[in-house]
Structures are given as C-alpha cells and as structure tokens.
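Everything below concerns the one structure shown next.
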Amino acid sequence: MGILLVWLSRWKITPKIISSIVAGAWMIAPFVTDPPDRTEADAKPKAPVAAPIAPSASPSPSPSGPPDLVGQNLKSAQSAAMTAGFNSISHDAGPDESGQWADGNWKVCFQTLAEKSPGKPTIDFAVTRNEWPCPAKDGDPIPYPKMPKVVGQDYAGAQETLKPLALQKIEPQSAYTDVTLPGNPDTWTVCFQDPEEARAIQNPTTTTAHLSLTAPGTSCPADKHTKLHPDPTPPPPTATNDDDDDSGSGSSSTGGSSSGGSGSGAGTITPGAFCSSPGSTGVSRKGVVYTCSQGHWRR
C-alpha cells in the first residue's frame, strides 16, 4: 500500500524508484535472513508450572499428642481437645457413674486416650463435680470432706474452722430457748452443732451449719430446747373430801360409827375414812350413800 501511494503521488520519478526499492527490501528481509541463535538459558527445558492448590474450607489440625487438661473445667477441656484435633468423651471418676448433664459443673480428674476408632483420636475424661475432691484413682470412692468439731469453740473461731468447707451458710442460734442472741455473737461458745462432727459433706454449696451458742460464762444445757430460767413448778393440788361438812373429820378416821366400820350398811360413815369390807355401803350425816372401795369410803 505504501508503494502504491508513492507512485500515485506527484513525486518525481527518481524518488518513487528509491522509495519502492527500500520498501521492498524491508518487506522481504525477514524471509531471507537466519533466526538469531538461542542463548544457553533459553536452550534449557523449563519446568512445568504447578497450578496452586486451593486451601480446604475447614482445615483439620494433625494431632501430635493429647494436651494435658487435668484440673480444668470439663466444658473448657472439651473445647481445648477439639482445638488440638481430638474428640472427647467423659465419665464419672467416682463409683456412682453419674451422667454429666451440665458440663460446666464438672472438672477433669484423669484423662486417657480412648480405644482406637475411625476418625480423630478420642480423649476419655474422668470427671467429678467442681466442689468435690478427686478420688485417688479412677473409680475409687470420692473422699468427701468431713464436718470438723467446733463444739467448745467461740463462734468466731468456729467460722474460721468451717471456712474451707465453703458451706452455703453458717447459722448461729441460742442454745437456750428463752435467751436471745446479740447482734454479734463472736465471743459466744458453741454447745451443739448440726451437721455433727465427722459427718461427710457431699453438697457443701447447699448445706447450712447450725451452731447453738451460749453467752460467755454460761454453761451449756444438757439438751437442746432448754430454758435457762424454767418456769417455777406449780404446787401439787390439795385433796378435798366429797362431803364438806365432814372435812373436819379427815380421811384418817377409821369410821363414822361402830356400824359404819362394819360395812353392814347401817349407821353414819365418814367419807374417805378407812373401811374393811369392799362393796359394803354406808350413809354420811347428809344422807349421801357411800361404798367401800379400795379400803376407803367413796361416793
């Protein structure tokens, strides 16, 4: 196209010829020359480029060994085991085989690798409740804390003795039912305790210790529910005769008359006096009939 436009132009003949020769030489030069020699680096074969591997959506860590989770809360231990690439199961470390319905209420005492199963390895946690101590070994009885003896201590000292149990509450009360506790009974002495000494405390968070106290210098009662100042004893009732008119004669009389003592039913008798014939009858001066019963005249 360039040569054609040159010859159609108004150039003189000489420039047209020169331009045509130069353009033609430039067009055929690539076909008549040798290609350039390849360098040594170009001569070596190039390694194929590997396509990049797309990462997995949820990479699973390759576990090298189970982490030590003894002493941790069961819920936290389960999460840590999963992060380390392990499944987890749990069982009661004591002899009761209780189920772990709320994982946060239990702690890990022992751990072992469960028997091989398809998939990830599994850690088996032996657990007990958070407030309980661990047994000596998996399956042994739980060594529940024992109620210490606080009888004889003052109330302040008893509170310090019971503090390690972490009881729900320590409730003071007066050992005498007619004595009121002061606002601060720290110096009062413990006479009775409930729970009793050496009793196992299985559920300290729901257990209340009741301590019965006496004031300093006051002795403890022999029994609970006792008054320090009991009510005075009422006098015994006075014996009365059935016949007021005959009260002067008294029950010590052996008979109102000679016939009354015989129990013949005749004559006048004294009520309450001695008689010797059971079942016999007599009449008092008022005309009331009495019967001899249990050795005395009775109405």
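What follows is calculated from the coordinates using simple rules that are stated; it is not laboratory data. Computed from a predicted structure; not experimentally measured. Note that we place each Cβ from the backbone using ideal geometry, even for glycine, and neighbour counts take in every protein chain shown.
Key figures
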quantity: In order through the stretch 138-146: 3J(HN,Hα) via Karplus (6.51 cos²θ - 1.76 cosθ + 1.60), integer Hz, x for Gly, Pro; calculated: 4, x, 6, x, 6, x, 4, x, 9
quantity: Whole-Hz couplings from phi, Karplus 6.51/-1.76/1.60, listed for the stretch 93-103; x for Gly and Pro; calculated: 6, x, x, 7, 6, 6, x, 9, 6, 10, 4
quantity: Under-5 Å amide H pairs with ALA273, H placed in peptide plane, nonlocal only; calculated: TRP297
quantity: Ranked by how many other beta carbons lie within 10 Å on average, peptides 154-164, 16-26 from highest; calculated: 154-164, 16-26
quantity: Additional length obtainable on full extension of the chain from THR177 to LYS12, 0.36 nm per residue less Cα span; calculated: 44.9 nm
quantity: Under-5 Å amide H pairs with THR128, H placed in peptide plane, nonlocal only; calculated: ALA93, LYS107, CYS109
quantity: Sites ASP186 and ASN105 - FRET efficiency at Förster radius 35 Å, r taken between beta-carbons, to 0.05; calculated: 0.50
quantity: HN-Hα J in Hz across the stretch 158-168 - Karplus 6.51, -1.76, 1.60, θ = phi - 60°, x for Gly and Pro; calculated: 5, 4, 5, 5, 8, 4, x, 6, 6, 5, 4
